[in-house]
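Only the coordinates and a few stated rules stand behind these numbers; no lab work does. These numbers were taken from a predicted model, which means no experiment stands behind them. Here the Cβ positions follow ideal geometry from the backbone for every residue, glycine too, while neighbour counts run over all protein chains shown.
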Amino acid sequence: MSALDDLLAALRDADATVATAESLTAGRLAAMLTDPPGASETYRGGFVTYATELKHKLLGVPESVIETVGVVSAECAAAMAAGAREEAGATYGLSTTGVAGPEEQEGKPVGTVFVGISGPHGETTAQLGLSGSRGEIQRDTCLYAVEELLGLLRREHRTVG
């Protein structure tokens, strides 16, 4: 069984749902989460907010976060995840933001990635330093996000997965 299959089973077992907020992965995470049959039981929907103003307008990322630390930050990832969770009415929000390339952004090098998770017990973020092509960075970010949410579910629901 793959991590994705394990995640969907864990979400079902916990009677939980997930929503996504994506920037650098551009919808790839949503596509990954909805690929397996039965995904509609656990996936509520998602937001692809490439444009900075959409992160604020659609997900509620505070302008102060955008102005002080930028969109390539843990703070932005946490706010994106919380916004997706709230707007979609999901148990968990899962977000991706960062620099897939080919050039740096906000002074941060290609491969700087942040994954955010918002759930019933608050927000958590992880910073990744990935390498490879643009597509490889996007793929690896999605795989990491799946693993992180699965790990969180396993910790919160000891009997799950």
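Among Lys57, Lys108, sorting on how many other beta-carbon atoms sit within 10 Å of each Cβ, with the fewest leading, yields Lys57, Lys108. Taking a Cβ cut-off of under 15 Å around Leu54, the surrounding Lys, Arg, Asp and Glu residues balance to a net charge of -2, with basic ones at +1 and acidic ones at -1. The relative contact order of the chain comes to 25 percent, based on Cα pairs under 8 Å that sit 6 or more residues apart.
Tell me the mean residue ellipticity at 222 nm calculated for the chain from its helices only (DSSP H runs of n ≥ 4, each -39500 (n - 2.57), averaged over every residue, nearest 500). After summing the helix terms and dividing by residue count, I get -13500 deg cm²/dmol.
The peptide list 74-82, 12-20, put in order of mean Cβ contacts within 10 Å with the highest first, becomes 74-82, 12-20. Counting only Cβ charges, +1 for Lys and Arg and -1 for Asp and Glu, the dipole size of the chain around its Cα centre is about 160 debye.
The shape of the range 57-161 can be summarised by an equivalent ellipsoid whose semi-axes, obtained from the alpha carbon gyration tensor, come to 23, 18, 10 Å from longest to shortest. Helix 3-13 axis versus longest C-alpha principal axis of the chain: approximately 60°, rounded to the nearest ten. Between the range 123-161 and the range 1-39, the alpha-carbon centres lie 11 Å apart. When Tyr92, Tyr144 are sorted by how many other C-beta atoms sit within 10 angstrom of their C-beta, beginning with the fewest, the order is Tyr144, Tyr92. The length gained on full extension between Glu147 and Ala126, counted as 0.36 nm times the residue separation minus their Cα-Cα distance, comes to 6.4 nm. By other beta-carbon atoms within 10 Å, ranking Ile117, Ile66 with the fewest at the front produces Ile66, Ile117.
Pairs of Cα atoms nearer than 8 Å and 6+ residues apart set the relative contact order; for the range 9-92 it is 37 percent. Ordering Thr42, Gly135, Ala26 by Cα displacement along the dipole of the chain toward the positive end leaves Thr42 in first place; charges were set at the Cβ atoms of Lys, Arg (+1) and Asp, Glu (-1).
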